[in-house]
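The values are calculated or read from the model by the stated rules, or taken from the named source; none is laboratory data. Source: prediction; values computed, not measured. Backbone-built Cβ (ideal geometry, glycine too); neighbour counts: all protein chains shown.
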Amino acid sequence: MTTITGTISTPYAAYEELSFKIPRFKEGDAYHRTLVRRLEIEESLNIIEEALNTLPSGPFRKRLGAFNRVPKGEALNCVESARGELCFHLVSTGSNTPYRAKIRGPTFDVILSLLPKLLKGVYVADVPVIYWSLDNCPADHDR
C-alpha cells in the first residue's frame, strides 16, 4: 500500500489544519477497492479524533436569523461527502422557494462510467461483488 499526504485543491473548513493519509493501492480489483474503503474509515476516525482534540473552547452554535427571501440568480456549490463530491445547483427567482434545485450525488457517474468496463468478461457470480466494491449509494441512482 502507498499513502499520500492529504492535500485539497479547494480547501474549506479546517482540513488544512489536520494531518491525514490517503490510502492507495496499485491494484484495482474488488478486494483492494474494498480494502481502501476500510482504511478510509479508519483514517476518518483518526481525523475526527484529531479535530475533537483541537476544537477551541466556547459556544459551538450561533443564531443566523431567518432567511425570508433567496436572492435572484444561480448558485452552484460542491462539498466533499462520504463517497465523493456532492454538488448542489439552485436557481432562484427571488421568492422564498427555489425555482429549480438539482443535487448531483457522487456515485451515479462512477457506476455509469466504470461498471460496463469492469463487467467485461467476468462470471455472473462476480457481478454483485464488483458492483458493491465500487462503494456506491443506491439513493444516487433514484435521482
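Listed values, structure above:
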| item | result |
| --- | --- |
| Residue tally, condition touching a Ser or Thr at 6+ places or on another chain (Cβ under 7 Å) and loosely packed, with under 14 Cβ neighbours inside 10 Å, over the stretch 18-47 | 1 |
| Residue satisfying all of: in the stretch 90-128; of a type in the set (Val, Ile, Thr), surrounded by 13 or more Cβ atoms within 10 Å (Cβ to Cβ) and at pLDDT 85 or above; nearest to residue 30 (Cα to Cα) among these | 127 |
| The stretch 21-51 - residue that is at pLDDT 85 or above, out of contact with any strand residue (DSSP E or B) (no Cβ under 8 Å at 6 or more places or on another chain) and assigned to a loop (DSSP other than H, G, I, E, B) and, of those, nearest to residue 135 (Cα to Cα) | 29 |
| Residue in the stretch 64-77 that is at pLDDT 85 or above and of a type in the set (Asp, Glu) present | yes |
| Residue count, the stretch 80-96 (criterion: over 8 Å from the mean Cα position of the chain (by Cα) and under 12 Å from residue 107 (Cα atoms)) | 1 |
